[in-house]
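Accompanying notes for the structure given below.
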Amino acid sequence: MGSAWHPERLARLDDVLSGHVERGDAGAVAWTVARHGEVYGGTAGSAERDTIFRISSMSKPVTAVAALTLVEDCLIRLDDPVDEWLPELADRRVLARPEGPLEDTVPAARPISLRDLLTFRSGMGFDFSTAGPQPVMEAGAELELGAGPPAPAGPPEPDEWMRRLGTLPLSRQPGERWLYHTSAQVLGVLVARVAGRTFPEVLAERVFGPLGMADTGFHVPPAALDRFGACHVSAPDRPVYDPPDGQWSRPPAFPGGGDGLVSTVDDFLAFATMLHGGGTVRGHRVLSRPTVEAMTTNHLTPDQLATAAPAPDGSQGWGFGLAVQVARTGPARSVGTYGWDGGLGSSWANDPAEDLIGVILTDQAWASPSAPALFQDFWTCTYAAIDG
């Protein structure tokens, strides 16, 4: 198979990321890369290898894995309508025009399915492709459904959250368009109801326990707070978005499947390694290989890729809870690479063609959906260090 990494080029990864910390682009960074079984990791700033970070939207693929374990147990099927478990979403109305008034609706053409939630085509969520008004999302913010940056102390408990969501129409017909985030939040509620357990219990039993992800969850317990730093906003003086004893220091009323988790770089490496290994890591099988292949395959149609998709240039599609590279735009990320980022300062991808896993966690929130230079440089240096 040949050598995995070029030593001098791999060392450049440390230098470049440390330079970003020295320039104030982040205060704490932990990263790891793996190829051909050779794992390399590092830290910069105040981070240690076991520092706990808010991984925000990197929660989405974790939630998808939990849902797929229920599919494999025949507790729910991909194309089942979710009405049985989420009656709040039965008999949906849909905006006649996505930017139109909430009162102007038409009936949904069909019920929402589990597949719709996994592929973010439920008709609910942010439309990245428009700068115009999004009245359903604006109404959701007024209902405290958590439509803005991750804030686990805001939304109510799951049953009340679903009741409020059920008062709103869909923005689009089920299956019509890729819309961001809300589907993952609903998916977490669905997983809990199908399993008959709380969502944190389901994740602990089906994902975190088997994978040894001891530091991953919806809050940081008191005994671990000394390993949990602040999260900062991207601004010259790096104001604090959330302090160590802030919103993630206690269990939330609503454990958000879209953005609620905290984790460490090694915990998330275990999750990434499981998917990279076709559903198995260290002898523990979480999913079957065919399920992982379905999860990491693009499910968006050409029209959907051209209108609303994870990447504005159409280079990324969407599988089940994560992005899938459908076109190569540079040296990094082969076609078929899958993963996702977190807006509070994290990024992960698996590149099967290169036998590569990369994870980087920081304490610096992104200022926009476009990756900051620190993250671009992490991926550039990682791919530049490939040897053979």
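Any read-out appearing in this document is the output of simple, stated calculations on the displayed coordinates, not a laboratory observation. Keep in mind it's a predicted model, so treat the numbers as computed, not measured. Methodologically, a virtual Cβ is constructed for each residue, glycine included, from the backbone with ideal geometry; neighbour enumeration extends over all protein chains shown.
Figures for the structure shown
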quantity	calculated
Among (i) 1.71; (ii) 1.18; (iii) 0.94, the entry derived from the coordinates for Cα Rg over 2.2 N^0.38 Å	(iii)
Computed label-point distance, nm, for sites PHE128 and SER288 using a 7 Å Cα→Cβ extension	3.1 nm
Added length on full extension, which subtracts the Cα-Cα distance from 0.36 nm per residue, GLU160 to ARG97	19.9 nm
Longest exposed-site-free window of the chain, the sites being GluC sites (Glu not before Pro) in a DSSP loop that have at most 16 other C-beta atoms within 10 Å	145-388
Karplus 3J(HN,Hα) series, Hz, for the range 370-384 with 6.51 cos²θ - 1.76 cosθ + 1.60 (x for Gly, Pro)	7, 5, x, 4, 4, 6, 4, 5, 4, 6, 4, 5, 4, 6, 5
Cut-off under 5 Å, modelled amide H: who pairs with PHE228 long-range	ILE52
Potential lengthening between ASP303 and ALA327 on full extension [0.36 nm per residue; Cα-Cα distance subtracted]	7.1 nm
Mean-position separation - Cα centroids, the range 223-284 and the range 332-388, in angstrom	16 Å
Note, ³J(HN,Hα) from phi for the range 213-218, Karplus 6.51, -1.76, 1.60, rounded to Hz, x at Gly and Pro	8, 5, 9, 9, x, 8
Two-site label geometry, ARG12 and ARG110: point separation in nm, points 7 Å out along Cα→Cβ	5.0 nm
Between helix 59-72 and the chain: long-axis angle, C-alpha atoms, 0 to 90°, nearest 10	70 degrees
Calculated FRET value between ARG250 and ASP50, using beta carbons and R₀ = 22 Å, to 0.05	0.60
Order of MET274, MET124 under a 10 Å beta carbon neighbour criterion, fewest first	MET274, MET124
Between helix 265-276 and the chain: long-axis angle, C-alpha atoms, 0 to 90°, nearest 10	70 degrees
On Cα atoms only, tilt of 7-22 relative to the major axis of the chain in degrees	70 degrees
Residue-by-residue Karplus 3J(HN,Hα) for the range 162-175, coefficients 6.51, -1.76, 1.60, Hz, glycine and proline x	5, 4, 5, 4, x, 7, 9, x, 7, 7, 9, 5, x, x
